[in-house]
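The values are calculated or read from the model by the stated rules, or taken from the named source; none is laboratory data. Note that this is a predicted model, so its numbers are computed, not measured. Note that we place each Cβ from the backbone using ideal geometry, even for glycine, and neighbour counts take in every protein chain shown. These area figures cover heavy atoms from the full protein model, side chains too; ligands, DNA and RNA do not enter into them. Shrake-Rupley method; radii C 1.70, N 1.55, O 1.52, S 1.80 Å.
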Amino acid sequence: MNVSLNWLSTHVDLKGKSPEELDKLLTFAGVEVEDIKTTGVSSDKIVVAQIKEAVQHPNADKLKVTQVDAGEGQLRQIVCGAKNYKVGDKVPCCLPGADLGGFVIGETKMRGVESRGMLAAASEIGLTDEEDGLMILPADFEIGKPVKELFDHDVLLEVEVTPNRPDLLSHYGMAREMATLLEVPLKSLEIPARNASKAEGVSIIAEDNCPLYTAVRITGVKVAESPAWLKERLEAIGLRPINNIVDITNFVLHELGQPLHAFDAAKVSGSIVVRTANEGEKFHALDDGTYELTTDDCVISDESGKALALGGVMGGADSGVTEGTTDILLESAYFTPSRIRRTSRRTALMSDSSYRFERGVDPAGISKASALAVKLILELAGGTAETETMTAGEAPVLTQPVALDLSRLDQLTGASISHDEAATILTRLGLSQTADGTWSVPSFRADLQRHIDLVEEIVRVKGLDAIPSRLRGTFVPSSIIDHAYDADMRLRERLAGLGFHECQTIKLIADAQVADALPLKRLIDGDTIRVSLPLSEDHAVLRPSLAPGLIASAERNNRQGASALRLFEMGRVFRNAGGGKAKDLESETLGILLSGNASAPSWSATPQPADLYDLKAIIQALVPTSPVQLSPREQAGYALGCDIVIAGQNAGSFGMLKPSRQRQIDSNHPVFIAELDLSKLRKLSSVSRDIADLPQFPGSTRDVAMEVPTELANAEIEKVLGKSKEALLSGFECFDLFSDPSGEKLAADRKSIAYRINYRSPDRTLKTQEVDTAHQGILKQLSQSLDVKFR
């Protein structure tokens, strides 16, 4: 929200306070200021100048060479392309060195003619254009005087207001906050009171959507351009003036925080009816879009049933105020925040009104805002207002008295804030103490519901830095969460050491991305969790896997020219199970993506593309004490899929993208992804290593070549060798693989695989006979367990 300091100053005295001081004050009070902007003329080198001469440029048909008097004692030559001036006019002149928002004016040549400055339009120096071309200044302006001194300038604070503080979504609300923090008085608003009546002109059918609705009929108004002061107020915060009626409703919205809407009374048939929409009802909105409504939506209609507005969100295109309007109905209402939020999200209709209604407006401010708008309309547009405000429903009561536990206040603040000072702060915030000692909360602070809320407000206004630190950090035993954090950091460090970069992707993905999921357990219909009211189609599903986010990150990096990718992410994934029988399950996983060359380019070696064994080695590096195996399994959406088995337990999934998907993400290399159960990985990576003495006696090796069926996985051979109880067996490794699809050298359904098997004794040098005996025992175990032939 943009806050104008000039506007703010009409409610609270800010003299002597710089924008930077106000920024710090608000930020430390929990109101974040994202940016500070200065509007109006900012440079002292923009002065009033009078055009003394203007002749045609010798080399350009659309340019003229002017001589201007800028109060320097001699004329200044400036080339100008505008056409709306004449000799004798006074205009803004930007002298060399003038800074126009980052563009600094200098002396130059334009088509061969020297130009020593620039004659400016209003928008070029931070003011509002009244006409095309140069800004023509009043004839009585003093030549040479800085334009900055002749026009008001303003400072805008771009404020981020948290959802629990809708009372700050107006200039008066922000002024009230400033007055509290600065300990200065808040100027009162002069709003004439109006009588309310339960007239027949309005009725509410949808009370759950709209508990209170008011309307005022004003006849004989004249729709015209707004006066300068009103247009300046709106333009200062980035709004475009439309006409006096609409501008007044916008002004009151940003003045008091209460949205209003004006209907052309001639387009309303009978009384106003607040109802729910009919299923499938069409509504033509002010943005010229047509929306299909549901029974959850609130509609403002007339007796004929015609929808005049989508309650709390946007007015209708066929009932708004136009230049021919003479009679209006002024709406001021309270709409239920949750209903407005649902409608706004579903229809993707966002407005200043819905932004405030979905956070909650002040129920007590509805009549005040209406009365202020009526007062301004009568002053600026004329006409006659009915003496009573038509009212239906009752304003909801959102606050209740809250007790302040003084002993708890002392405990939390170290008794650094006296009870009297705490009471003073609460009084400045608008609260009042009742006879029974509780505090009555004003209607605009519905967020103050508990004792701790009052304590938070007291500390916030006092300043957290004013609360002394009396205790040092005390010892707390390590918890399960601490151990998990430490394990995660060790995994991060290992992956970073292996050249990986950590990603943090959003937990919401698009429907199309679900196909990239690599879940630990297969997904079936009903297992994905959809968002009821997604902000966009790209954020419609809670991610069931980290793989979609990593693939999207890889796609962005590929399009930026990355030749090799090593990415990982730790995070939560979400799913149902059994087609929705077990719901809203959360787990933590580690996702790893590898693509491109396995090593960096070098003059001494030709880089080789990474393959699945590189990724397996990386996983092995994370759990160095546990064996890692890849067990083939079909994986939907992937060309190659495996289960990752660590120390005999299924710990994750592995996949290689299909070539078609690889091309879609602009990758020139195969893309390998692994997703691991983080809870299992923490335990396995934390297993301590057994430290053994270096061997004192030499070992011996034997090679064995085996002919096995093509479909036999290498993991089956390693499983047999790993389970062997041969005491002399110290290790083994596969060093050769051969197959012949033609069947000439080896049957097409067979393959040859060769292992080097190591034997060693810790207490003696082995004899050849001992090694041979042990080796024959290993071969026997292999032949008994598997379909192998030794070559």
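Odds and ends about this structure:
- Positive-end residue, region 376-452 charge dipole about Cα centroid, Cβ charges, pick of Gly414, Ile377, Val441: Gly414
- Here's the picture: charge each Lys and Arg Cβ at +1 and each Asp and Glu Cβ at -1 in region 662-791, and of Ser730, Ile691, Ile753 the one pushed furthest to the positive end of that dipole is Ile691.
- Per DSSP, loop trypsin sites (Lys or Arg not before Pro) in region 536-612 with at most 16 further Cβ within 10 Å: Lys581
- Rounded if a/c under 1.5, otherwise prolate or oblate - region 442-548, Cα gyration tensor axes: oblate
- Relative contact order, percent, region 662-756 [alpha-carbon distance under 8 Å, six or more residues apart]: 29 percent
- Compactness of region 748-791 as Cα Rg over 2.2 N^0.38 Å, two decimals: 1.44
- Exceeding the 27 Å Cα-Cα cut-off - candidates Lys37/Lys187; Lys616/Lys680; Lys581/Lys616; Lys37/Lys64: Lys581/Lys616; Lys37/Lys64
- Relative to the dominant Cα principal axis of the chain, helix 714-723 is inclined by about 60°.
- What you get for region 360-484, charging only the Cβ of Lys and Arg (+1) and of Asp and Glu (-1), is a dipole of about 360 debye around the Cα centre.
- Region 694-759: radius of gyration over Cα atoms, expressed as a fraction of 2.2 N^0.38 Å: 1.33
- Region 81-214, dipole about Cα centre (Lys/Arg Cβ +1, Asp/Glu Cβ -1), debye to the nearest 20: 340 debye
- Kirkwood-type radius of region 471-628, with distances r between different C-alpha atoms, in Å: 17.9 Å
- Axis of helix 768-785 versus longest Cα principal axis of the chain: the two differ by about 60°, to the nearest ten degrees.
- Put Trp229, Trp603 in order of accessible area, highest first, and with a 1.4 Å probe you get Trp603, Trp229.
- Rounded to the nearest 10 square angstrom, Asp453 shows an accessible area of 20 square angstrom against a 1.4 Å probe.
- Helix-only [θ]222 nm of the chain, DSSP H runs n ≥ 4, -39500 (n - 2.57) each, per residue, nearest 500: -7500 deg cm²/dmol
- Normalising by residue count, region 61-140 has a Cα convex hull of 104 Å³ per residue.
- Equivalent ellipsoid of the chain: semi-axes from √(5λ) of the C-alpha gyration tensor, largest first, are 70, 38, 30 Å.
- Derived value for region 415-484: Kirkwood hydrodynamic radius 14.6 Å. Basis is the mean of 1/r over every pair of different alpha-carbon atoms.
- Mean sequence separation of contacting Cα pairs (under 8 Å, at least six apart), scaled by the length of region 645-710, corresponds to a relative contact order of 26 percent.
- Area of Arg460 that stays accessible when all protein chains are in place (1.4 Å probe, Å², to 10): 30 Å²
- Cross-link reach is defined here as a Cα-Cα straight distance under 21 Å, omitting same-chain residues fewer than 8 places apart; for Lys583 the lysines meeting it are Lys507, Lys521.
- With all protein chains modelled, accessible area of His11 [1.4 Å, Å²]: 10 Å²
- Region 203-271 and region 118-189: distance between their alpha carbon centers, rounded to Å: 23 Å
- Considering only Leu429, Thr606, Pro19, and ranking their Cα positions along the charge dipole of the chain that arises from unit charges at the beta-carbon of Lys, Arg, Asp and Glu, the one farthest toward the positive end is Thr606.
- Anisotropy class assigned to region 640-791 is oblate, per the alpha carbon gyration tensor with a/c at or over the 1.5 cut-off and a/b no larger than b/c.
- Annotation: aspartates and glutamates with alpha-carbon distance below 16 angstrom to Lys222 (same-chain offsets under eight excluded): Asp247, Asp264, Glu323, Asp327, Glu379.
- Loop-located GluC sites (Glu not before Pro) in region 640-713 whose Cβ has at most 11 other Cβ within 10 Å (DSSP): Glu711
- Ordered from highest to lowest accessible area with the whole protein assembly present and a 1.4 Å probe, Ile618, Ile205, Ile242, Ile452 read as Ile205, Ile242, Ile452, Ile618.
- Rounded if a/c under 1.5, otherwise prolate or oblate - region 115-245, Cα gyration tensor axes: prolate
- When only the Cβ of Lys, Arg, Asp and Glu is charged (+1, +1, -1, -1), the dipole of region 164-274 relative to its Cα centre reaches about 240 debye.
- Over the chain, Cα pairs under 8 Å with separation of 6+ residues give a relative contact order of 8 percent.
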